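A.B. asks: Below are the structure tokens for one structure; questions will follow.
The values are calculated or read from the model by the stated rules, or taken from the named source; none is laboratory data. Values in this document were obtained by computation on a predicted structure and should not be read as measured data. All Cβ positions, even for glycine, are placed from backbone atoms using ideal geometry, and neighbour counts span all protein chains on display.
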Ligand code: HEM
Ligand code: HEM
């Protein structure tokens, strides 16, 4: 039975679908293209044409992602996952206590990391571009700033990937694969406060199909 049919049968029987579509194709395409451009920019010769092209492409991808954050699918939108400091602190407290709820979109702490990554890519790209302007050509502080930002970005990426692995283990859901195929396990009551999956064999119960939790693309 294919996933769509399985989901339909589950829904008709009053059960939640096994998985729901969370990341739309554009979010996934932008994510992996951005990762490829950034890694490419580190690998090619500093400042040469390929480096500049990859840097500008990265800026274009971030600009597209920002626009998509206002008009895209439900979980792509900033309003789905950008939260204030209070919500982030509350999430981190619950996460450390082991009582955090699994989210379909980015959790509040991940949201901060996503904004940090996007903003740092912009700063790296802009300081790279500044080096091509007459006004800043050969100016040492601009070169230094570009280097510091670029290596800080690499540190953030390391943290980002480590967090994706740790959170995948914690919630027993492969978040990296979800960024590839776009689907996540549907939210179930048995996810409980810890956000972990129910025991194998236990019937899934719909906890919440509303906008805040199981909202998914049609
Ligand atoms: C240059 C490297 C990277 C950058 C700049 C980057 C940036 C981002 C951004 C901005 C998002 C938010 C996605 C969105 O809402 O559009 C994201 C999500 C994500 N990224 Fe990356 N990423 C990078 C590399 C990677 C790598 C190498 C992996 C894994 C091997 C990875 C795994 C993920 C996962 C799993 C998510 C979703 C997290 C969640 O479920 O909340 N990323 N990344
Ligand atoms: C957004 C992605 C980018 C990344 C990840 C990146 C990364 C880097 C890194 C790691 C270096 C070497 C820094 C060091 O000396 O240790 C570098 C140098 C350089 N980058 Fe970028 N860069 C990006 C975008 C750009 C853009 C858009 C331009 C110009 C259009 C640019 C122009 C340069 C130049 C001219 C250098 C050599 C600076 C020097 O002489 O010290 N970069 N970049």
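One line per residue, one yes/no per condition, for (1) farther than 15 Å from residue 179 by Cβ; (2) surrounded by 14 or more Cβ atoms within 10 Å (Cβ to Cβ); (3) touching a residue at least 12 places away in the same chain (Cβ under 8 Å); (4) within 12 Å of ligand 2 (Cβ to nearest atom):
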{"residue": "30", "(1), (2), (3), (4)": "no, yes, yes, no"}
{"residue": "37", "(1), (2), (3), (4)": "yes, yes, yes, yes"}
{"residue": "55", "(1), (2), (3), (4)": "yes, yes, yes, yes"}
{"residue": "62", "(1), (2), (3), (4)": "yes, yes, yes, yes"}
{"residue": "75", "(1), (2), (3), (4)": "no, yes, yes, no"}
{"residue": "81", "(1), (2), (3), (4)": "no, yes, yes, no"}
{"residue": "84", "(1), (2), (3), (4)": "yes, no, no, no"}
{"residue": "89", "(1), (2), (3), (4)": "yes, no, no, no"}
{"residue": "106", "(1), (2), (3), (4)": "no, yes, yes, no"}
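A.B. asks: In this structure, does residue 135 turn out to be within 11 Å of ligand 1 (Cβ to nearest atom), free of Cβ contacts under 8 Å to residues at least 24 places away in the same chain, in a helix (DSSP H, G or I) and out of contact with any helix residue (DSSP H, G or I) (no Cβ under 6 Å at 6 or more places or on another chain)?
C.D. replies: No.
A.B. asks: More than 12 Å from residue 117 (Cβ to Cβ) and away from ligand 2 (no atom under 14 Å from the Cβ) - does that describe any residue in the range 156-163?
C.D. replies: Looking for residues that are more than 12 Å from residue 117 (Cβ to Cβ) and away from ligand 2 (no atom under 14 Å from the Cβ), one finds at least one in the range 156-163, hence yes.
A.B. asks: Among the helices (runs of 4 or more DSSP H) lying completely within the range 1-103, list those that include at least 3 residues that are within 13 Å of ligand 1 (Cβ to nearest atom), in contact with a helix residue (DSSP H, G or I) (Cβ under 8 Å, 6 or more places away or on another chain) and modelled with pLDDT of 90 or more.
C.D. replies: 25-43, 49-71, 78-81
A.B. asks: From the list 102, 93, pick out the single residue that is over 24 Å from residue 26 (Cα atoms) and away from ligand 2 (no atom under 16 Å from the Cβ).
C.D. replies: Just a single option satisfies the conditions, and that option is 93.
A.B. asks: Can you report the number of residues in the range 64-73 which are surrounded by 15 or more Cβ atoms within 10 Å (Cβ to Cβ) and free of Cβ contacts under 8 Å to residues at least 12 places away in the same chain?
C.D. replies: Residues that pass the stated criteria total 1.
A.B. asks: All but one of (1) touching a residue at least 24 places away in the same chain (Cβ under 8 Å); (2) more than 10 Å from ligand 2 (Cβ to nearest atom); (3) buried (at least 16 other Cβ atoms within 10 Å of the Cβ) hold for residue 120, so report the exception by its number.
C.D. replies: Only one criterion is unmet by residue 120, namely (2).
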